[in-house]
1. Mean projection of the alpha-carbon convex hull of region B:101-172 over all orientations, in nm²?
2. If I fit a long axis through the Cα atoms of helix A:138-148 and take the longest principal axis of the Cα atoms of chain A, what angle between them do I get, 0 to 90°, rounded to 10?
3. Report P(r) for chain A: all Cα-Cα distances, bin width 20 Å, range 0 to the bin holding the largest distance, values in whole percent.
4. Say R0 is 35 Å: what FRET efficiency, to the nearest 0.05, do A:ALA78 and A:ARG210 get from their beta-carbon distance?
5. So the label point goes 7 Å from the Cα of A:ALA111 along Cα→C-beta, right? Which residues of region B:154-191 then have their backbone N under 13 Å from it?
6. Bin by bin, in steps of 10 Å, what percent of the Cα pairs in region B:1-152 do you find, going until the bin that has the longest distance?
7. Would you mind estimating how fast the protein assembly as shown diffuses translationally, via Stokes-Einstein at 10 °C and 1.306 mPa s with the Kirkwood radius over Cα pairs, in µm²/s?
8. From the Cα gyration tensor of region A:230-327, with a ≥ b ≥ c the square roots of its eigenvalues, which class applies: rounded if a/c is under 1.5, or else prolate if a/b is larger than b/c, or else oblate?
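Values in this text are rule-based calculations from the coordinates and carry no lab data. Computed from a predicted structure; not experimentally measured. Here the Cβ positions follow ideal geometry from the backbone for every residue, glycine too, while neighbour counts run over all protein chains shown.
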Amino acid sequence: MSALVDVRAASKVFRQPATLVERIGSAFGVCELPRPVHAVDDVSLEIRNGEVLGLVGESGCGKSTLGRMIAGILPPSAGSALFDGMPLLAGAGRPVKSTTRVQMIFQDPFASLDPRMRVGDIIAEGPVAHGLVSKSASAADVSRWLSTVGLDPQVADRYPHQFSGGQRQRIAIARALAMRPDMLVCDEPVASLDVSIQAQIVNLFLKLRRDLGLTMLFISHDLGVVRHVSDRIAIMYLGRIVEIGTARSVFERPRHPYTRALLDSVPRLRIDDRVEVDFRPIRGELPSPLDPPAGCHFHMRCPHANEACAVQRPTLLHVEGREVACLRATELDLSGEAPP
Amino acid sequence: MTALLEVRDLATHFATRTGVVRAVDGVTLSLAPGEIIGLVGESGSGKSVTGFSILGLVDPPGRIVRGSVRFEGRELVGLPHGELRSLRGRRIAMVFQDPSATLNPVLTILDQMRLALEAHERIGKAAARARAAEILTRVGIPDAGRRLDSYPHQLSGGMRQRVAIAIALLNRPALVVCDEPTTALDVSIQAQILAEMKSLARESGTALIWISHDLSTVSALASRILVMYAGRVVEEGTVGDVLSAPRHPYTRGLLDSLPSLATPGQDLRQIPGAMPSLSDPPPGCAFAPRCAHAVDACTAMPDLVGAGGRGVRCHRPLGDAP
Ligand SMILES: Nc1ncnc2c1ncn2[C@@H]1O[C@H](COP(=O)(O)OP(=O)(O)OP(=O)(O)O)[C@@H](O)[C@H]1O
Ligand SMILES: Nc1ncnc2c1ncn2[C@@H]1O[C@H](COP(=O)(O)OP(=O)(O)OP(=O)(O)O)[C@@H](O)[C@H]1O
Ligand code: SF4
Ligand SMILES: [Mg+2]
Ligand SMILES: [Mg+2]
């Protein structure tokens, strides 16, 4: 399989301009200048044609930022991303949004739908503008996509605020699919759906992939769903990819201590005669991207950290058929701990 | 214990061009101080509208057409807007499913939190900053002190959600309606929020309505659970009873769709069909068109029957002798 998306050493730093008060204040040492946020820090990865790459990691680690760069709607501060061999966005420049072949389903279905437009127009706008469907055929096209995501085609003339959260999420999915993309960046696409609708949407994604060979970047914090849909998984921690490999190898034989901790943290909901659930949070806090630690970003929470981990930045290395960024990856045995 | 909140036969309808949408159609529930109930159910079944109705936040063309909402002994349906507004944020708060409904895009996080505090008490700038930072830390925002000066768009999706939770908790209200409050959060942060909610319920006696499709958080937090379908409660009971011995076929279908039960790459079990349109529901049980157990009798509306807080709205509940 060839790479459809090729991200090379991409970084994103958000800088906030200082206000006059802050600039004067900092000159006198009475306040600080706003700090840059290192949202994505030197990430390289490939997404192959027709595959689903899952992207997981804790809240704030940079998943949406990376997703937006791959969708070509956010320029990286450094590095580049190629889509089918063409620059999707060039370093530090404006995004080259030349292609409709990549579509994004945004994390916030409320903010991403224009409140003044009817749902039918929201879905039809893109395909008609790009000549994918004729104006006369667009109503039928809208009906088709609405039923595909499990909504009644009759709702096409309603406005977004007339829908529930999960219904809006599905409208956003229909809008993206109507563009007949080759690739979808899905940012938490099923987070606000109840499990039965979630199953319906996940099955739809699996079907599109089987039938149309749709390539996907699937961002989610729900490890159950990610494992279910992904061929490969990338684990992100504070702006960096720490482990990437096939879903099977990463889930069954994780080689990064953070992946191990993440898998162990999945709440186990047991429903038999009684209902039991235990949450096993990862100890310690996610460090701040305003002030990232030196060395391995995970070292403050890592049960296996040694002195080198606090100073030396691990790079991604091939270990056991996947890539891992851990200084101790080859020597650690993480298999002994409880499987999820 | 006397009830803090008593909702009786609540019905909220929206008049639209294509007919009346019966978003909530006869919901009854009650809540004691410090009690946590989970509200689950199909997307579009009326969970959020139930929450809005309790807080008096239904905008036209929506209207509470029937029923009552008694809170601390006072009837809220029909209460003048001013009085409702002074209750909101102080005694009752809501964490909206859509964090942007709470967060003003042009104000920093600190300014929004200060406004929320000042609306109900006199508080100095430095004290407000300290309170805001403290509560953000408690909901798991790293480096909270520095994040206070950020604008909402500068935060990640999950951070915005936590800020919305923090604002709802600021004034330690007696009742908080949390609408899908942890959908964008990873497990470690979820665990922290759950612990925070539990201690709030225990220490301040805050009661919670926890609307969520995530059965893990509901099970970890709530004592009772209500399952909604097409504007009505179709099953209720303790979390243990409802999840381990569901009696409504919809609840059963919901549990069968959990991804943990499936093999990776294979289709998940889903309930066939879709929820009927709420402006033109079939007569009788709204789940009947999708139900494998439906019989002729199901074309008549079943009542919610049961005792001791365990109820089911079904003519042929599971677990009954045939
Ligand atoms: N426009 C922006 N300006 C400043 N900082 C930003 C901006 N967008 C994102 N950030 C910061 O970048 C970091 C990564 O954010 P991002 O939204 O990519 O996280 P995420 O992994 O998607 O988290 P979540 O799971 O909560 O959605 C966060 O610290 C966030 O505050
Ligand atoms: N302003 C409105 N006008 C017309 N119909 C509306 C309006 N607001 C909500 N509805 C309808 O009322 C029903 C209940 O909506 P509600 O938001 O309560 O669902 P929900 O159970 O919270 O679903 P979700 O899990 O998807 O958030 C939905 O079918 C929705 O389409
Ligand atoms: S590099 Fe060191 S601190 Fe980082 S994960 Fe590996 S062992 Fe832990
Ligand atoms: Mg995000
Ligand atoms: Mg809702």
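1. On the way: hull surface 17.3 nm².
Over all viewing directions, region B:101-172 projects a mean Cα-hull area of 4.3 nm².
2. 50
3. 28, 55, 17, 0
4. 0.40
5. Residues passing the 13 Å test: B:154-164.
6. All Cα pairs considered, the percentages come to 9, 32, 31, 22, 6, 0.
7. Stokes-Einstein gives a translational diffusion coefficient of 61 µm²/s.
8. Since a/c reaches 1.5 but b/c is at least a/b, the shape of region A:230-327 is classed as oblate.
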